[in-house]
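To keep things clear, I will list the structure first and then write my remarks on it.
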Amino acid sequence: KKIVAALAALAIGATALIAPAQAQDKKYTIALVPGLTTDGFYITMRKGAQAAADALGVTLVFQGAPDFNPVTQVPVLDAVIAKKPDAILIAPTDKVQLVEPLRKANDAGIPVITVDTFIGSGVYQTGAGDADFPLSYIASDNILGGEIAARALATAIGDKGKVYVSNVKPGISTTDQREVGFKKEMAANHPGITVLETQFNDNDANKAASQLQAVFARNPDLVGVFGANLFSALGAANGVQQAGQTGTVKVVAFDAPTSIVDNINTGLVDVAIAQHPAEIGYFGVVSAYAHLTGNSIPVSIGTGFTIMDKSNIADPNISKYLYSE
Ligand code: T6T
């Protein structure tokens, strides 16, 4: 019996020794397809992904489209699939339109993890629905982010008056959820606030700025705006400035490009809600690697927020969450 037990222990020991060595021999390539390439949010995500890739000896390929649009993202994805990476991390630019293109990757045996945005309902590996095949979803809690934005804007405007959401376009999981969270919080806890119709800017800051001025022209008693992503927020803030309403029309911004610091310091933006995109990238690569080396991974990983305002923006523990350029 003892001999059998000893042999079994040896066998287990031997596998334990061999498995990591084999894993190290294989040089994995992981592709990261962002929502778009020229966005501080995804540039920062790439840095986090690269840090994990360096630590694990993985090759990271970063390939994306210049704008946030399924029409330009799908051909990039097709090109990435054709190169047969070991895994794909992707921020799908539409929760419906990216399902079939991503299924091609899955059918080709390439594991898919979505980062930042999701497809379908974002609840994966349930056996229900036709879009639950990705292995994991790694992102901010965007409903919560919208609620935080609503509370911040309510505080800034003394809990009363007209506000609206400057948003990208319907169908993007993240920004849809931020709007849902924002409206839910306003309806539940801020009866003195009227939320006007959402303005969709197609991720174009200039369009968001013009829309701010048009909404203000129709509603001279406008007191606040929630910019639901980086370009929506910067555009809305520029619109407030161009309308000569700095400090009168309050701005709560989702995302934290470096230019937000000036906007906060001059009082143009009251609060910025920074996501932690480097963490999303880091844990994306670690999760893909864990899966490729035979380990199970969480079906979802949530990353946090850092709330920035005039009182804390100079603190390095806060400003370290500003996005890279
Ligand atoms: O807000 C981020 C990201 O979370 C969203 O999905 C799309 O817009 C950003 O990239 C900011 O521009």
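Between residues in region 112-129 that are farther than 12 Å from Asn142 by Cα and of a type in the set (S, T, N, Q) and residues that are open to solvent by 10 Å² or more (accessible area, probe 1.4 Å) and within 15 Å of the ligand (Cβ to nearest atom), which pairs lie under 8 Å by C-beta distance while being six or more apart or on different chains?
Thr114/Gly122; Thr114/Tyr137
Does Val225 satisfy the criteria of being aliphatic (A, V, I, L, M), open to solvent by less than 10 Å² (accessible area, probe 1.4 Å) and touching a residue at least 12 places away in the same chain (Cβ under 8 Å)?
Judged against the criteria, Val225 is a match.
Condition first: within 13 Å of the ligand (Cβ to nearest atom), more than 23 Å from Val195 (Cα to Cα) and either aliphatic (A, V, I, L, M) or in a helix (DSSP H, G or I) (or both). Now tell me which residues in region 227-273 satisfy that.
Passing the criteria: Ala256, Ile260.
Within region 30-38, can one find any residue that is at positive phi and either at pLDDT 95 or above or within 16 Å of the ligand (Cβ to nearest atom) (or both)?
no
Consider only pairs whose beta carbons are under 6 Å apart and that are at least six residues apart or on different chains; among these, list those whose first residue lies in region 33-54 and is basic (Lys, Arg) and whose second residue is more than 9 Å from the ligand (Cβ to nearest atom) and open to solvent by 10 Å² or more (accessible area, probe 1.4 Å).
Matching pairs, first to second residue: Arg46/Phe62; Lys47/Ala278; Lys47/Ser324.
Those residues that are touching a helix residue (DSSP H, G or I) at 6+ places or on another chain (Cβ under 7 Å) and buried (at least 16 other Cβ atoms within 10 Å of the Cβ), I need them from region 292-306; list them, please.
Hits for region 292-306 are Ile297, Ile301, Thr303, Phe305, Thr306.
Starting from region 248-263, take each residue that is over 15 Å from Ile318 (Cβ atoms) and open to solvent by 40 Å² or more (accessible area, probe 1.4 Å) and list its partners that are outside any strand (DSSP E or B) and more than 13 Å from the ligand (Cβ to nearest atom), counting only C-beta distances under 7 angstrom and pairs at least six apart or across chains.
Lys250/Leu153; Lys250/Ala156; Lys250/Ile157; Lys250/Asp270
For region 25-77, give me each residue that is aromatic (Phe, Trp, Tyr) and part of a loop (DSSP other than H, G, I, E, B).
Within region 25-77, Tyr28, Phe68 qualify.
Within region 117-130, can one find any residue that is at pLDDT 95 or above, within 22 Å of the chain's Cα centre (by Cα) and within 24 Å of Thr258 (Cα to Cα)?
The answer is yes, given that some residue of region 117-130 is at pLDDT 95 or above, within 22 Å of the chain's Cα centre (by Cα) and within 24 Å of Thr258 (Cα to Cα).
For region 85-200, give me every one of the strands (runs of 3 or more DSSP E) that falls completely inside it and has 3 or more residues that are among the β-branched types (Val, Ile, Thr) and within 16 Å of the ligand (Cβ to nearest atom).
Result: 112-115.
Say we look at region 201-226 and pick out the residues that are within 13 Å of the ligand (Cβ to nearest atom) and either in a helix (DSSP H, G or I) or under 23 Å from Asp159 (Cβ atoms) (or both); which of these is farthest from the chain's Cα centre (by Cα)?
Out of the qualifying residues, it is Ala208.
The values are calculated or read from the model by the stated rules, or taken from the named source; none is laboratory data. If you're wondering where the values come from, they're calculated on a predicted model, not measured in any experiment. Because the Cβ atoms are built from the backbone with ideal geometry, glycine has one as well, and the counts that use them run over all protein chains shown. The area values use the complete protein model at the heavy-atom level, side chains included, leaving out ligands, DNA and RNA. Shrake-Rupley method; radii C 1.70, N 1.55, O 1.52, S 1.80 Å.
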